[in-house]
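The values are calculated or read from the model by the stated rules, or taken from the named source; none is laboratory data. This one's a predicted model, so the numbers in the text were calculated from it and none came from an experiment. Note that we place each Cβ from the backbone using ideal geometry, even for glycine, and neighbour counts take in every protein chain shown.
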Amino acid sequence: MTNGFVSLVGAGPGHPDYLTVKGARVLGQAEVIVYDALISDEFRALFPANSEIHFVGKRCGRHSTSQEEICALLVEGAQRGKRVVRLKGGDPGLFSRGGEEILALRAAGVSFEIIPGVSSVFAGAAAALFSPTHRGFSNRLVVFDGHALRHDDFDFRPLLAHQGTTVVLMGSRQVERLAAGLIGAGASPELPIVLVENATLADEHVAVATLARAAAGELVPRTDGPGIIYVGAAVALAQASARQAVEAAA
């Protein structure tokens, strides 16, 4: 065993305001910080001035650091007796490869903790001012990685069978294919669909459409940032341009 310690910290969907109190406290004590690309630059103001900082961001296939190298950084830092923070976008356990880091730390005998973060699943829905679960509309969620939509043999039928809200992370470039596939599997062309980009950030954008409009190419990403797609009856309660509406009412 080693005297060092690793904290896998969920940074939330983007803005530092969504970092938990515990996450902020641990980050403020960090001696080594290993952080992602999906985190606002404003987080840098929270990094201790004397900390050792490693940017290991990945986005859209452009990987600056391999997962093996990231795991090695965490283990090596802890073996030097350092307090290491692995700052990860969203929640460490949701499509963040946190499981691989957990296995690497265990294999090396490194002590660690997991500090949950606010998932973009809920932050995106909050941006659009709707609840992804709603009595009478949606009693369950199905969340999946949008990269799966690239496969020609993707089966859309299970997404209709669960009768809840479908949430697609990292799939904003696949909106048209998703909508067309759902219609082809028997979904109503009038079923609502929402695309939320850069949730919680200054350039947050919310767009609401129907499957028919999305399949026709009318629902397209406006930014290069991370996007979340929501489909289902409960999504009918969503509002487009929610941030602008809130600012206008302030």
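Scanning region 48-66 for residues that are hydrophobic (A, V, I, L, M, F, W, C), at pLDDT below 95 and touching a strand residue (DSSP E or B) at 6+ places or on another chain (Cβ under 9 Å) yields F55, V56. Please tell me if E68 is surrounded by fewer than 14 Cβ atoms within 10 Å (Cβ to Cβ) and of a type outside the set (A, V, I, L, M, F, W, C). Spelling it out, E68 is indeed surrounded by fewer than 14 Cβ atoms within 10 Å (Cβ to Cβ) and of a type outside the set (A, V, I, L, M, F, W, C). Scoring D203 on the criteria (1) among the charged types (D, E, K, R); (2) out of contact with any strand residue (DSSP E or B) (no Cβ under 6 Å at 6 or more places or on another chain); (3) within 27 Å of H162 (Cβ to Cβ) leaves a single failure, condition (3). Within region 33-47, if we keep just the residues that are outside any helix (DSSP H, G or I) and closer than 14 Å to V9 by Cβ, the residue that is modelled with the lowest pLDDT turns out to be L38.
When C71 is tested against the conditions (1) more than 22 Å from the chain's Cα centre (by Cα); (2) farther than 14 Å from E113 by Cβ; (3) part of a helix (DSSP H, G or I), the lone failure is (1). Comparison of A72, A78, A104, A128 shows that the only residue that is in contact with a helix residue (DSSP H, G or I) (Cβ under 6 Å, 6 or more places away or on another chain) and either farther than 30 Å from V194 by Cβ or assigned by TED's automatic domain parsing to the domain that holds A30 (or both) is A104. Quick one: would you say V143 is under 20 Å from the mean Cα position of the chain (by Cα), under 30 Å from E42 (Cα atoms), aliphatic (A, V, I, L, M) and surrounded by 19 or more Cβ atoms within 10 Å (Cβ to Cβ)? No: the conditions fail for V143. Take the conditions (1) in contact (Cβ under 8 Å) with a residue 24 or more places away in the chain; (2) more than 22 Å from the chain's Cα centre (by Cα); (3) outside the structural domain of T65 (by TED's automatic domain parsing); G136 misses just one of them, which is (1).
Could you count how many residues in region 93-141 are assigned to a strand (DSSP E or B) and at pLDDT below 95? Count: 3.
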